[in-house]
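Read the structure below first, then the notes.
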């Protein structure tokens, strides 16, 4: 059984010990077992530690069937002695986030009776899920203020090993999942909770807590938050964004929303104007096309090949022509590098089922399409040139 040094001294960053086993798991990943370790394994919502053993990177730490496995880049071939160091920046970050979660969950339960049902310590963001279906912003603001007051109060964070018989002496925030080797994490007069994770010795080391956002997740409310150095990182990133936007919008921070609203309104007006001009252009284009074409079997065939034209524009042009002209068939094809797209339309007085026409020709380009007898669209691979595809449609119409 590996001695867990992280429970004796959470601030231990380097140590020497002996390697008691070197092996590969079922996926042929190399790992070692140590006589004692300060590497924390994944568990209880907290990720594993990283670091080095004899200058070899520790990639993962997992407890498997009583073995505390340190997965490494490669096995040390000859050494039995292990010189180990912990990635302290990662460890302390996890300590801050995990302690912050205890404070946040306790504040929600103590103030509003909202219970935490899950916790996730992510690389950038932490989350808790609350056993409620809705929450108000005023409640979140109050809880955030309470958490930071507890942090500023620099309350001690204590750990204690107890037996099941001693549980009656404590009012725990949630039911324990174990009956042996019970470890409590205690913030006196604020939170009593069973936990196997790593935490700093006082709430002051959490530094600060910021609720970032919240959302409905299934039937619960998910709270996103960060603590400690992550708050500074978040502030740094947001400040960079604000500085860039201040320059681009030519407005100070306090007037940025107003400037953004003006920009969005201007963009909306421009978009509307573009749509209007595009519509006029399509009408003009459709009118010009209707003057061209060839007469086949008593109808006028309008056909054109475009390069990289959107299917929506093809549809609009075709609709504009057949809505205003009788005895017309329109075939519009867009050549899009390795794909061909097309729209075919007819006037209501033309007796031709365009769905049958489409089904007869599209297999030549492994195409798919659909529509109704008077209007269809489709596309496929460029197994023919656009001109060859157009000619096949013309041949079917003339025959």
remark   = Restricting the range 149-183 to residues that are in contact with a strand residue (DSSP E or B) (Cβ under 9 Å, 6 or more places away or on another chain), within 22 Å of residue 8 (Cβ to Cβ) and loosely packed, with under 11 Cβ neighbours inside 10 Å, the one modelled with the lowest pLDDT turns out to be 178
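Rundown of residues vs (1) in contact with a strand residue (DSSP E or B) (Cβ under 6 Å, 6 or more places away or on another chain); (2) in contact (Cβ under 8 Å) with a residue 40 or more places away in the chain; (3) part of a loop (DSSP other than H, G, I, E, B), yes/no style:
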{"position": "17", "(1), (2), (3)": "yes, yes, no"}
{"position": "20", "(1), (2), (3)": "yes, no, no"}
{"position": "32", "(1), (2), (3)": "yes, yes, no"}
{"position": "39", "(1), (2), (3)": "yes, yes, yes"}
{"position": "48", "(1), (2), (3)": "yes, no, yes"}
{"position": "58", "(1), (2), (3)": "yes, no, no"}
{"position": "70", "(1), (2), (3)": "yes, no, no"}
{"position": "84", "(1), (2), (3)": "yes, yes, no"}
{"position": "89", "(1), (2), (3)": "no, no, no"}
Enumeration of residues in the range 112-130 that are assigned to a loop (DSSP other than H, G, I, E, B) and more than 23 Å from the chain's Cα centre (by Cα) = 113, 114, 115
Whichever residue in the range 137-148 is without any contact (Cβ under 8 Å) to a residue 24 or more places away in the chain and out of contact with any strand residue (DSSP E or B) (no Cβ under 9 Å at 6 or more places or on another chain) and, among such residues, is surrounded by the most Cβ atoms within 10 Å (Cβ to Cβ) = 145
inquiry  = If I go through the range 337-368 residue by residue, how many of them are surrounded by fewer than 18 Cβ atoms within 10 Å (Cβ to Cβ) and within 15 Å of residue 390 (Cβ to Cβ)?
reply    = 2
inquiry  = So the check is Cβ under 6 Å with 6+ separation or different chains; which pairs have a first residue in the range 167-183 that's in the same structural domain as residue 195 (by TED's automatic domain parsing) and a second one that's part of a loop (DSSP other than H, G, I, E, B)?
reply    = 183/196
note = Of the listed residues (13, 18, 37), the one being surrounded by 13 or more Cβ atoms within 10 Å (Cβ to Cβ), more than 21 Å from residue 181 (Cβ to Cβ) and either at pLDDT below 95 or not assigned by TED's automatic domain parsing to the domain that holds residue 119 (or both) is 13
query = Exactly one of (1) touching a helix residue (DSSP H, G or I) at 6+ places or on another chain (Cβ under 9 Å); (2) surrounded by 10 or more Cβ atoms within 10 Å (Cβ to Cβ); (3) without any contact (Cβ under 8 Å) to a residue 12 or more places away in the chain is unmet by residue 233. Its number?
reply = (1)
ask   = For residues in the range 193-210 being in a strand (DSSP E or B) and under 27 Å from the mean Cα position of the chain (by Cα), which is surrounded by the most Cβ atoms within 10 Å (Cβ to Cβ)?
value = 209
remark   = Only unsatisfied item for residue 214, checking (1) assigned to a helix (DSSP H, G or I); (2) within 28 Å of residue 133 (Cβ to Cβ), is (1)
ask   = Of all residues in the range 295-308 being in contact (Cβ under 8 Å) with a residue 40 or more places away in the chain and in a strand (DSSP E or B), which is surrounded by the fewest Cβ atoms within 10 Å (Cβ to Cβ)?
value = 296
remark   = For the range 136-192 the number of residues that are within 30 Å of residue 231 (Cα to Cα) and outside any strand (DSSP E or B) is 27
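The values are calculated or read from the model by the stated rules, or taken from the named source; none is laboratory data. Note that the structure is a prediction, hence the values are computed from the model and not measured. We place every Cβ from the backbone using ideal geometry, glycine too, and count neighbours over all the protein chains shown.
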